[in-house]
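The values are calculated or read from the model by the stated rules, or taken from the named source; none is laboratory data. All of these numbers come straight from a predicted model, not from anything done at the bench. Here Cβ is always computed from backbone atoms with ideal geometry, including for glycine, and neighbour counts include all displayed protein chains.
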Amino acid sequence: MFTIPPKNSGESNKQYSYRVIRNAIMFLELKPGQVISEMELAQVLHISRTPIREVLTKLSEENLVEVVPQVGTYVTKINPQLIEEAVFMRFTLEKEVMKIACQEFPSEHLRSLKNNLNIQELLIGQKDKEREFHRLDNEFHYIIFHGLQKENVWSSLIRISTHYNRIRILSEIENSFDEAIREHKEIVSIIENGKVDQVENMTRKHIIDSMKLWDKLKEPDSPFVDYFDNKNMNYNKMPAY
């Protein structure tokens, strides 16, 4: 059905089921639009239905699950409007955070960025590493926010980015993540050398230009077109930031 990792030490049934089910949705093992059963999830994870019910409620609040009374529970389809809103927030906030980082970024956090990037580069050319890259990618951007004591801003971005991250993962599976790693290398250089004049173009390239690849995933002849909420589809829409 989906990847079922072992429970972490000290992890409650609710925490465990949330982690596993959420990851299955984010990494498209539970596909957009798929019907999911509270009873089946409880059986697969070998836990009672009560924590599963609580987890599904929480995932509904994150726009990852839709509970339709008297009908069923579904993994939400990927919503282009939610993607666009997340892109707007990420472009606006990451641009400003990078400008600050060019002026004052702690050396220990710069070392952490470089260490993270070194591990990313080891993944270039390897197959089936999307989960590992996605983890490193999020950690990379978190380090920048953390280094400037903007962790809560990053947490807010993560909360609004569930649909954005699902299409990112789908794109990485289909198109590889090598270019994203090269862009991360440029970001480190910009911060290290204080090239504040390059921040806006780099942020636009890294966050907005990648959306051009995503358009192909949403086109009518794409094998993934059913993953998307067609009510909110606009194939020609690109944000004008």
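If Phe2 satisfies every condition in (1) in contact with a strand residue (DSSP E or B) (Cβ under 6 Å, 6 or more places away or on another chain); (2) over 15 Å from Ile160 (Cα atoms) but one, which is the exception?
(1)
If you check Glu172 against the conditions, is it part of a helix (DSSP H, G or I), of a type in the set (D, E, K, R), over 23 Å from Ile78 (Cβ atoms) and in the same structural domain as Asn115 (by TED's automatic domain parsing)? Working first, answer last.
Working: part of a helix (DSSP H, G or I): yes; of a type in the set (D, E, K, R): yes; over 23 Å from Ile78 (Cβ atoms): no; in the same structural domain as Asn115 (by TED's automatic domain parsing): yes.
Taking the combined requirement at face value, the residue does not satisfy it.
Looking at the range 30-50 only, could you name the residues that are in a loop (DSSP other than H, G, I, E, B), without any contact (Cβ under 8 Å) to a residue 40 or more places away in the chain and over 21 Å from Gln70 (Cβ atoms)?
Here is the first cut: in the range 30-50, the residues in a loop (DSSP other than H, G, I, E, B) are 30-34, 37, 46-48.
Subsequent filtering for residues that are without any contact (Cβ under 8 Å) to a residue 40 or more places away in the chain retains 37, 46-48.
Within the range 30-50, His46, Ile47, Ser48 qualify.
For the range 220-241, which residues satisfy the criterion of being of a type outside the set (A, V, I, L, M, F, W, C), assigned to a loop (DSSP other than H, G, I, E, B), within 26 Å of Val65 (Cβ to Cβ) and modelled with pLDDT of 90 or more?
Ser222, Pro223, Asp229
Specify the residue that is farthest from the chain's Cα centre (by Cα); the eligible residues are those in the range 72-107 that are buried (at least 16 other Cβ atoms within 10 Å of the Cβ) and small (Gly, Ala, Ser).
So the residue we want is Ala101.
Regarding Pro69, is this residue without any contact (Cβ under 8 Å) to a residue 12 or more places away in the chain and either more than 30 Å from Asp209 (Cα to Cα) or surrounded by fewer than 18 Cβ atoms within 10 Å (Cβ to Cβ) (or both)?
yes
Listed here are the residues, each with its yes/no results for (1) within 30 Å of Leu64 (Cα to Cα); (2) at pLDDT 95 or above; (3) of a type in the set (A, V, I, L, M).
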position: Pro106; (1), (2), (3): no, yes, no
position: Leu123; (1), (2), (3): yes, no, yes
position: Asn138; (1), (2), (3): yes, yes, no
position: Ile144; (1), (2), (3): yes, yes, yes
position: Ile173; (1), (2), (3): yes, no, yes
position: Asp178; (1), (2), (3): yes, no, no
position: His184; (1), (2), (3): yes, yes, no
position: Thr203; (1), (2), (3): yes, yes, no
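Of all residues in the range 108-162 being of a type in the set (Gly, Ala, Ser) and not in a helix (DSSP H, G or I), which is surrounded by the fewest Cβ atoms within 10 Å (Cβ to Cβ)? Full working, then the answer.
Kept after step one, since they are of a type in the set (Gly, Ala, Ser), are these residues of the range 108-162: 112, 125, 147, 155-156, 161.
Filter once more, keeping what is not in a helix (DSSP H, G or I): 125, 161.
Numbers: Gly125: 9, Ser161: 19.
Filtering first and then ranking leaves Gly125.
Limited to the range 141-175, what total is found for residues that are over 19 Å from Val225 (Cα atoms) and of a type outside the set (A, V, I, L, M, F, W, C)?
Of all residues in the range 141-175, those over 19 Å from Val225 (Cα atoms) come to 141-161.
Now drop any that are not of a type outside the set (A, V, I, L, M, F, W, C), which leaves 141-142, 146-147, 149-152, 155-156, 159, 161.
Residues in the range 141-175 being over 19 Å from Val225 (Cα atoms) and of a type outside the set (A, V, I, L, M, F, W, C): 12 in total.
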